[in-house]
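The values are calculated or read from the model by the stated rules, or taken from the named source; none is laboratory data. All values reported here derive from a predicted model rather than from experimental measurement. Note that each Cβ is placed from the backbone with ideal geometry, even for glycine, and that neighbours are counted across all protein chains shown. Heads up: the accessible areas ignore ligands, DNA and RNA and are worked out on the full protein's heavy atoms, side chains in. Shrake-Rupley method; radii C 1.70, N 1.55, O 1.52, S 1.80 Å.
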Amino acid sequence: MSDSVHGDARAQAPRILILGAGFAGLWAAVGAARKISGSAHVHGPIEILVVNARPFHSIRVRNYEPDLEVTKVPLADVLDPIGVAWLQATVTRIDVASRQVQVRLADGASRVLDYTRLVFALGSALVRPAVPGLAEHALDVDTYEGALRLHEHLASLPARPASTGRYTAIVIGAGLTGTEIASELPDRLARVAGAREDVRVILMDRNEQIAHAMGEAQPVIEQAMRAMGVELRPAVQVSRVTQTGVELGGGEVIPASTVIWCGGMRANELTAQVPGEHDELGRLLVDNCLRVRGVDGVFAAGDSARSLIDGKQPSIMSCQYGRPMGRFVGHNVAADLLGEPLLPLSIDWYTTIVDLGPWGAVYTQSRDRILVAQGAQAKRTKRLINGERIYPPLNRNRDDILTAGAPTVQTPPPDNVL
C-alpha cells in the first residue's frame, strides 16, 4: 500500500479514482499524473488513487512463458516516484450516483472510497462455460495466479504414479493464448519428464480450423505446431473434464494429467454496476475521449471498454489497445477535472504477433491478418514487444515515467528486428 493513501473519510482534495492497474489502469495513472504535473486547480491539489488486487502490475500477455517473475512490475516502482497513491484491494461495489466505490482490503475489511472522477480499468476475465468438471480440473494462464498454479502443477508431475496421461497436456481453445501456451508445452513437459518421447501435447478447438481467425498465418501456425509435435484436433466438442483427462462429444476419452482452458474473454463483471450501454462482451461503450456514454464523471479503458478505435471498428481486447487507451484516458480524466479540452483517441493500425515457442513466431498486419513475417524474424519482434515495448520505465525515475505517459500512439512494431 502506498504511504500516501488517506483514511476512509471523504478525500479533502478532488480525487481521480482508477480501478485496476493492468495495461490500461497503470498507464491511466501515469497519463493523469503527467497531465496534472505542473497544473493548478482552483480547489488545490488533485489526488490520483489506484486500486488493484495485487501489489504489482501483471504483464498478463506473458503468462504462457515459464519465467513468471519477469511478468511482475511492482506498483511502487512506477507509481511512488510520480506521486500516485495506490491501494491493494478488491473492488466489490460501484455506486456512480453517490460517486463511491466499496473495496475489500487484504485483511477482509471493507472500505468506501469517494471519487470526483472515475476510471474503470478492471480488464477482462476468462469465460468458463458450464462444462462438467471444467471449473474443478482445468488450469489456465489467464492470471498470474493461474499461470503459477500451472507451473507448480507441471513440477509435481514426476511425483505422481506412472500413468498413460501423466505427461499429456490438452489445451482447449486454439485462439492466441491457447496457441502460445501449446507451443511452449512440448519443451516444458520434456524438461519435467526427462524424456521427450513420453510427452504428448494436444491443441483442440470447436472451430473447423486451429487458429481459425489468424488469416494468412493460419496454415503457418498449423505447420509450426506439427513441427513441434503438437497434435491438432479441430472441430471437437469437450463434454467433460475429469481429474484424469477429457471426454469429447462423441464419447472419446483422452487421458491427460494436464488440461488447460483457453476459451474466450469477457469484460470484468463489475461493468454491470455501471449504468449505460454495454456490448455483447459486457464492455462499457465509450466515446473517442474514453468517456462512458451517458454516465457523468466516469471514464473507461482497456478490455472493459468498447471504443470505435479508428472511428469505425470496435477495439479488440489486447494490450496493443489497452496501453494507448490508458494513456489517453489518464490525460483526459485529468483534463476534464481541470476544465481543459480532451484529446480524441484514434488508432488506424493493428498487428498480431503470435509466439510459437522454439519454432519462432508469426507477424500479421491489419484485421485481415496479412502475413508479413514468420519464424526467427517474427520471433525477434515478439521478444522486443514482450521484453521492452509493453513495459513502463523500471528505473524509478520520475521524469522518465511521466514522459512515457504522453497521450501518443506508438508506431507499429518493426517486422525486421536484427
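The set of residues in region 105-120 that are more than 23 Å from the chain's Cα centre (by Cα) and in a loop (DSSP other than H, G, I, E, B) comprises ASP107, GLY108, ALA109, TYR115, THR116.
Among the residues of region 128-147, those identified as open to solvent by 60 Å² or more (accessible area, probe 1.4 Å) and under 18 Å from the mean Cα position of the chain (by Cα) are ARG128, GLU145.
Restricting GLY123, GLY175, GLY165 to those that are closer than 26 Å to MET325 by Cα, over 14 Å from the mean Cα position of the chain (by Cα) and of a type outside the set (D, E, K, R) reduces the list to GLY175.
Name every residue in region 211-229 that is buried (at least 18 other Cβ atoms within 10 Å of the Cβ) and acidic (Asp, Glu), in order of residue number. Within region 211-229, just GLU222 meets the criteria. Exactly one residue out of GLU208, GLU152 is under 20 Å from THR244 (Cβ atoms) and charged (D, E, K, R), and it is GLU152. Among residues of region 365-386 that are within 26 Å of LYS72 (Cα to Cα), those with a Cβ under 8 angstrom from a residue that is of a type in the set (Ser, Thr, Tyr) and at pLDDT 95 or above, sequence gap 6+ or separate chain, pair up as ALA378/TYR363; THR381/TYR363; LYS382/TYR363. Scanning region 167-196 for residues that are open to solvent by 30 Å² or more (accessible area, probe 1.4 Å), in a loop (DSSP other than H, G, I, E, B) and either in contact (Cβ under 8 Å) with a residue 40 or more places away in the chain or touching a strand residue (DSSP E or B) at 6+ places or on another chain (Cβ under 8 Å) (or both) gives a single hit, GLY175. If the condition is being outside any helix (DSSP H, G or I) and either open to solvent by 30 Å² or more (accessible area, probe 1.4 Å) or closer than 16 Å to ARG117 by Cβ (or both), then region 322-357 contributes GLY339, GLU340, PRO341, LEU342, LEU343, PRO344, SER346, ASP348, TRP349. Would you be able to say whether some residue in region 295-312 is open to solvent by 60 Å² or more (accessible area, probe 1.4 Å), outside any strand (DSSP E or B) and either charged (D, E, K, R) or in contact with an Asp or Glu (Cβ under 8 Å, 6 or more places away or on another chain) (or both)? Yes. Quick check, is THR164 modelled with pLDDT under 95 and either buried (at least 21 other Cβ atoms within 10 Å of the Cβ) or polar (S, T, N, Q) (or both)? Answer is yes for this residue.
Rundown of residues vs (1) touching a Pro at 6+ places or on another chain (Cβ under 6 Å); (2) closer than 16 Å to ILE353 by Cβ; (3) of a type in the set (Lys, Arg); (4) modelled with pLDDT under 95, yes/no style:
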| site | (1), (2), (3), (4) |
| --- | --- |
| LEU176 | no, yes, no, no |
| ALA182 | no, no, no, no |
| ARG191 | no, no, yes, no |
| ARG200 | no, no, yes, no |
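Taking region 220-279 as the range and being of a type in the set (A, V, I, L, M) and in a strand (DSSP E or B) as the test, the residues that pass are VAL230, LEU232, VAL238, VAL241, VAL246, LEU248, VAL253, ILE254, VAL259, ILE260, MET265, ALA267.
Of the residues examined, LEU150 is not one that is assigned to a strand (DSSP E or B), open to solvent by less than 10 Å² (accessible area, probe 1.4 Å) and in contact with an Asp or Glu (Cβ under 9 Å, 6 or more places away or on another chain). Looking at GLU208, is it of a type in the set (Asp, Glu), assigned to a helix (DSSP H, G or I) and open to solvent by 20 Å² or more (accessible area, probe 1.4 Å)? It is false that GLU208 is of a type in the set (Asp, Glu), assigned to a helix (DSSP H, G or I) and open to solvent by 20 Å² or more (accessible area, probe 1.4 Å).
For region 374-405, the set of residues classified as open to solvent by 30 Å² or more (accessible area, probe 1.4 Å), assigned to a helix (DSSP H, G or I) and either on the phi > 0 side of the Ramachandran plot or not β-branched (Val, Ile, Thr) (or both) consists of ALA376, GLN377, ARG380, ARG383, LEU384, GLY387, GLU388, ARG389, ARG398, ASP399, ASP400, ALA404, listed by residue number. Of the residues making up region 259-287, those that are farther than 17 Å from LEU126 by Cβ and either in contact with a helix residue (DSSP H, G or I) (Cβ under 9 Å, 6 or more places away or on another chain) or open to solvent by less than 30 Å² (accessible area, probe 1.4 Å) (or both) are VAL274, HIS278, ASP279, LEU284, LEU285, VAL286.
Would you please name the residue that is nearest to ALA24 (Cα to Cα), looking only at residues in region 108-134 that are of a type in the set (Ser, Thr, Tyr) and in contact with a helix residue (DSSP H, G or I) (Cβ under 8 Å, 6 or more places away or on another chain)?
So in region 108-134, the residues of a type in the set (Ser, Thr, Tyr) come out as 110, 115-116, 124.
Now narrow it down to the ones that are in contact with a helix residue (DSSP H, G or I) (Cβ under 8 Å, 6 or more places away or on another chain): 116, 124.
Details: THR116: 19, SER124: 11 Å.
Ranking the qualifying residues of region 108-134, first place goes to SER124.
Do we have GLU247 as touching a Leu at 6+ places or on another chain (Cβ under 9 Å) and open to solvent by 10 Å² or more (accessible area, probe 1.4 Å) here? Spelling it out, it is not the case that GLU247 is touching a Leu at 6+ places or on another chain (Cβ under 9 Å) and open to solvent by 10 Å² or more (accessible area, probe 1.4 Å). The residues of region 123-140 that are of a type in the set (A, V, I, L, M) and out of contact with any strand residue (DSSP E or B) (no Cβ under 7 Å at 6 or more places or on another chain), listed by number, are ALA130, ALA135. Restricting attention to region 230-244, and to residues there that are over 29 Å from ALA159 (Cβ atoms) and of a type in the set (A, V, I, L, M, F, W, C), which single residue is most open to solvent (accessible area, probe 1.4 Å)? This residue is ALA235.
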